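Every number here is computed from the coordinates shown, using simple stated rules; none is lab data. If you're wondering where the values come from, they're calculated on a predicted model, not measured in any experiment. Cβ placement follows ideal geometry from the backbone for every residue including glycine, while neighbour counts extend to all protein chains displayed.
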Amino acid sequence: MRSDNVVSMGRKSHAVRKYAIRAVVFQEGDWLCARCLEYDLVVQAKNLQQLSRALQRLILGHIAVRLRHKQQPFRDLPRAPEKYWAMFRRSRLKLPAPLFKLGVLRSRGVVVAPPQVRVAASSAA
């Protein structure tokens, strides 16, 4: 069984679950893609600003839907294929993490750290 990349904090029965996410950005045709590594989720957009917003919406939307259905976020999602982990490791270009608005999630006991995002070399995808 794999680790859920979750850090429990606090002593109450409703411990805070903190998720750390890494993503690699690469180009596929005219599209920019961001693929999460710990949880195999992917978004596409035409520019970096839209891609950042799409990544934020995807992560927060996933968590909100799971919590609404009383399920643990990310619980059954597989890791991204090794190809994308290798792209992330080879990349030296880090992007600033998108600004997350987590007030609603914090009240539900979930914290998502700003993701570590790196841009893959253009020939890596």
field: Using θ = phi - 60° and Karplus 6.51 cos²θ - 1.76 cosθ + 1.60, couplings along segment 74-84 (whole Hz; Gly, Pro as x)
entry: 6, 3, 10, 7, x, 6, 5, x, 4, 3, 6
task: Mind listing the long-range amide H neighbours of Ile21? Cut-off is under 5 Å, sequence gap 5 or more, other chains count too, H placed in the peptide plane at 1.01 Å from N.
output: Ala113, Gln116
query: Which net charge results when you count Lys and Arg as +1 and Asp and Glu as -1 among the other residues whose beta-carbon is under 11 Å from that of Val111?
result: +4
- prompt: Residues with amide H under 5 Å of Leu41's amide H, sequence separation 5 or more or different chain, H placed in the peptide plane at 1.01 Å from N; which?
  reply: Cys36
task: List every residue whose amide H lies under 5 Å from the amide H of Val16, counting only residues 5 or more places away in sequence or on a different chain, with H placed 1.01 Å from N in the peptide plane.
output: Met9
field: Distance between modelled label sites at Lys83 and Lys18, nm, 7 Å Cα→Cβ extension
entry: 3.4 nm
field: Radius 13 Å from Cβ of Tyr84, net charge of other residues (Lys, Arg +1; Asp, Glu -1)
entry: +3
